[in-house]
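Working notes for the structure below.
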Amino acid sequence: MNQPQPVAPALVSAFAPGGMLRASINLGNPILANKDAATGEPVGVSVDLAREFARRLGVGIELVVFEKAAASVDAVRNEKADIGFFAIDPARSEGLLFTAPYVLIEGSYLVRESSELTDNAQVDRAGHRISVGAGSAYDLFLTREIEQAEIVRLQGAAAALAALRSGAVEVAAGIRQLLEAEARREPGVRVLPGRFMVIQQAMGTPASRGVEAQALLSAFVEEMKASGFVADALERHRIEGAIVAPGSTGP
């Protein structure tokens, strides 16, 4: 990585008013972050991006770790963290400024092997219950899109998958790679073909930090995509199914 241009002191202060960049890390999305099996420390593409951004600012970094996306979002919105890594969604726009996405992830459905469902279009029907992690990107999306099926909001992806296996719901919604891993873990469930949404994972900062801070963060994301940093991080952490988002000229 080339030596970055110095960042204006005012922007450094905007991102790290306490002299340390606090990065909100969501362990609920294994494509973005996981715990290292040996050390227990957070690792992943979002952690790599956070550390590199702190390096650009010339400050230290503090990882503020959460198990669910909603809590990670709230930490940034409430200024308990300075940056975060979230799916872009209109329901999350209040109090936050986003970059363009850096990776794209598929949202899919999981059903039991015995289910008659074979296509995503068949899910939204009366009598069907869909379990989701409360506050997740797919919860927010399905809340807008589902008209007939019932959405059952649970605390985290594991609870949503358990609800499907127990028969409490007919369908579980989630990140495709997570659902495929669940299907491999134990027989009895299968992933429906295709996807019902594309999750756009971006970086965000509190709206109070201002549009110049957003512009700097957006430029950083575009450079990380164009330079191969994001692609290298996905490969290094052995992430399959997520792709680097195309370049953007806007936030």
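No lab work stands behind these numbers, since they all come straight from the coordinates. Remember, predicted model here, so these are calculated numbers, not experimental data. Cβ atoms come from the backbone with ideal geometry, glycine included; neighbour counts cover every protein chain shown.
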Exercise for review: Along each of the three principal axes of the Cα atoms of region 1-97, give the extent in whole Å, ordering the values from largest to smallest.
Suggested key: 37, 34, 22
Revision key, fill the gap. Computed from every Cα-Cα pair in the chain, P(r) in 5 Å bins starting at 0 and rounded to whole percents is 1, 6, 14, 18, 18, 15, 11, 8, 5, 3, 1, 0, 0
Exercise for review: Using every pair of alpha-carbon atoms in region 138-241, split the distances into 5 Å bins beginning at 0 and state the percent of pairs per bin, rounded to integers.
Suggested key: 2, 9, 15, 17, 15, 14, 13, 9, 5, 1, 0
Check your understanding: Separation of region 42-113 and region 167-235 by C-alpha centroid, Å?
Key -> 10
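Over all directions, what mean area does the Cα convex hull of region 59-146 project, stated in square nanometres?
Projected area, direction-averaged: 7.7 nm².
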Review point. What does the charge dipole of region 105-197 about its Cα centre add up to, to the nearest 20 debye, if the Cβ of each Lys and Arg holds +1 and the Cβ of each Asp and Glu holds -1?
Key: 220
Point to revise | Placed amide H near ARG22: partners under 5 Å, 5+ positions off or other chain | key: GLU62, ASP82, ILE83
Exercise for review: Express the relative contact order of region 105-197 as a whole percentage, based on alpha carbon pairs under 8 Å and six or more residues apart in sequence.
Suggested key: 47
Point to revise | Compactness of region 183-251 - radius of gyration and Dmax, Cα, Å | key: 16.5, 51
Point to revise | Relative contact order computed over the chain (Cα-Cα under 8 Å; 6+ residues apart), in percent | key: 25
Review point. Suppose every K and R has +1 on its Cβ and every D and E has -1 on its Cβ; what is the size of the dipole of the chain about the Cα centre, in Debye to the nearest 20?
Key: 280
Check your understanding: Based on DSSP H runs of at least 4 residues, each adding -39500 (n - 2.57), what is the mean residue ellipticity at 222 nm of the chain after dividing by all its residues, to the nearest 500 deg cm²/dmol?
Key -> -9500 deg cm²/dmol
Revision key, fill the gap. The Kirkwood hydrodynamic radius of region 105-197, taken as the inverse of the mean 1/r over all distinct Cα pairs, in Å, comes to 12.6
